[in-house]
Amino acid sequence: MINVDLEKTIPEPLRFPDERVKVAEIRQDYGTFLSVDALKWALNKDYLSKDSQKITASEIAPSLRCPEGCNNCPDSILEIKRRIAVGLIPKVEARARTETFKYMMDDFYNLGIRHWMFVGGTLDHLPEIGELINHGLSQEETKVSWFSDGIPQTNPDGSPSNLMQTALEDGWMKKVANHVSWDYPYGYANIIPHGNILPLKQGRGLKFEDDPEYSRVFKTHYGTIFALNLINADARRVVLNITVSPGNLRLIPQLYAQADLLQQHAIENGKKTEVGLTFSPSIWRPHQARGDGTLQSPASAGLEMRDMSETNEIFSMILQNEYQRIRNGHPRLLYNSSGYTNLMADPQYRQITVDQGVPYPNGPEILNITPTADAWLDPMFAGPELEAINSTFGYRDRVFKPENNIFTQFQDPNLPWFPNMVTT
């Protein structure tokens, strides 16, 4: 088990207080956006246009609650309990009706959305999740992703749970891109008990309280077997998502190698499953800007300058390996674009990576439907705040056309561009 760094229980100073003040001022000027106020604001600013196809992807969050305890996650059970205890959120989460979500999906489709990403919290046990995903799949020319840690989908003995078997029988799980949390290699920290394939689910909450990072390790073990079961079921796509932090940076090559093994397993067994790997640095700056506490979203959770030499080395290796795979006609493993990856690989961008200092001009990157069915222009911000914040999180990296992708500025001019594949 990983030991908690007791020094990180002391709140840090804000790294960019002026940014936080600016966001607070903007919110005071505009007030609270509810329902479709954010869409109206974007239309008035010419940020949203059906004809321009500026925004083609939307996240839907039917729930923001999660039973896991990952450190620095605003949806973790530990943070949810804290917020309930101090009266910041109600004990029971308010959520919109299924028909309301479907109605909004139809409206968003008419605005040009062609990729639905269902995110949590945790979605697996929601009775409406299959109906919502099937609704997205029924729309012409759309693709659907959903995010799961694989825990409810997988029994401790490694077999598919009844929940997964039902989803496979329903058909939607084979048609979508299944995104899986994947922050530590399978087998890491020797947490697999003797005689069992996976760590037992019962009692894990107590371990999360002792060591929140154990939650990420725990999820990776279930996520790996979930990915393997998806491949064996011939699902369309499995996407393994890494949050890069100082805690797991040195383990990224092992994760990359294990992703390759999963793709090889699919090919060798005649499965058509595409296995992809994505990464993003641990995001703290927009969380702090929107008002989250520095204890919940510390900058120290992200990469620091002392990490950047190893970061550059690791992602340079991955980037060059991806170019070699493309030249050899092998399927890509890395789904981030070459520009986004080069931000991590090239030493000249070290300070930008550490400070998360990538501005997002020209409006929002992705539409969002909240659990209460309010429409926002970003999962963290209703809309106007976006003009004042910076972040390395790659929403715009999901734009296929290089000229509309802000991360092309980090592309190595001596190498050909390859695009982000998450939305394909």
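No value in this document is a laboratory result; all are computed from the given coordinates. Values in this document were obtained by computation on a predicted structure and should not be read as measured data. Cβ placement follows ideal geometry from the backbone for every residue including glycine, while neighbour counts extend to all protein chains displayed.
Some observations on this one:
- For the chain, the Cβ-based charge dipole about the Cα centre amounts to some 400 debye (Lys, Arg positive; Asp, Glu negative; other atoms uncharged).
- Segment 52-124: trypsin sites (Lys or Arg not before Pro) in DSSP loop, at most 13 other beta carbons within 10 Å: LYS91, ARG97
- For the chain, CYS66 have no disulfide-compatible partner, since no other Cys C-beta lies under 4.7 Å from theirs.
- Beta bridges per DSSP, both residues in segment 37-410: antiparallel share near 10 percent.
- Residue with peak Gaussian network fluctuation, the chain [Cα springs, cutoff 10 Å], from SER148, SER282, SER300: SER300
- Global form of segment 1-156, assessed from the alpha-carbon gyration tensor, a/c cut-off 1.5: oblate
- A convex hull fitted to the Cα coordinates of segment 178-231 yields 88 cubic angstrom per residue.
- Per the Debye formula on identical point scatterers at the alpha carbon atoms of segment 133-183, with no solvent, log10 I(q)/I(0) at q = 0.20 Å⁻¹ is -0.73.
- Annotation for segment 102-167: GluC sites (Glu not before Pro) lying in DSSP loop with at most 13 further Cβ atoms inside 10 Å of their Cβ are GLU140, GLU141.
- Cα gyration tensor shape for segment 94-233, rounded if a/c is under 1.5, else prolate or oblate: prolate
- Take the Cα of ASN328, go 7 Å toward its beta carbon, and the backbone nitrogen atoms of segment 264-286 under 18 Å from that spot belong to 264-269, 275-277.
- Backbone N under 19 Å from the ILE84 label point (7 Å along Cα→Cβ), restricted to segment 200-218: 202-210, 212
- Relative intensity of segment 350-421 on a log10 scale, I(q)/I(0) at q = 0.15, 0.16 Å⁻¹, equals -0.57, -0.64, per a Debye sum over C-alpha point scatterers of equal strength in the absence of solvent.
- Dimensions of segment 204-339 from C-alpha coordinates, computed as largest minus smallest value along each principal axis and given longest first, are 48, 35, 25 Å.
- Shape summary of segment 37-410, radius of gyration then Dmax from alpha carbon positions: 19.9, 61 Å.
- Cα-based shape type of segment 107-169, given that a ≥ b ≥ c are square roots of the gyration tensor eigenvalues and the cut on a/c is 1.5: prolate
- Cβ-to-Cβ counts within 10 Å put TRP146, TRP417 in ascending order as TRP417, TRP146, the fewest first.
- Computed over Cα pairs, the Kirkwood radius of segment 182-269 leads via Stokes-Einstein (1.567 mPa s, 4 °C) to a diffusion coefficient of 93 µm² per second.
- log₁₀ of I(q)/I(0) at q = 0.10, 0.15, 0.20 Å⁻¹ - segment 288-424, Debye sum with one point per alpha carbon: -0.38, -0.83, -1.28
- Among HIS221, HIS287, the ranking by other beta carbons within 10 Å of each residue's beta carbon, starting with the fewest, stands as HIS287, HIS221.
- Partner aspartates and glutamates for LYS91 [C-alpha distance under 18 Å; skip if fewer than 8 residues away on the same chain]: GLU68, ASP75, GLU79
- FRET efficiency estimate (nearest 0.05) - Cβ-Cβ, MET305 to GLU128, R0 35 angstrom: 0.15
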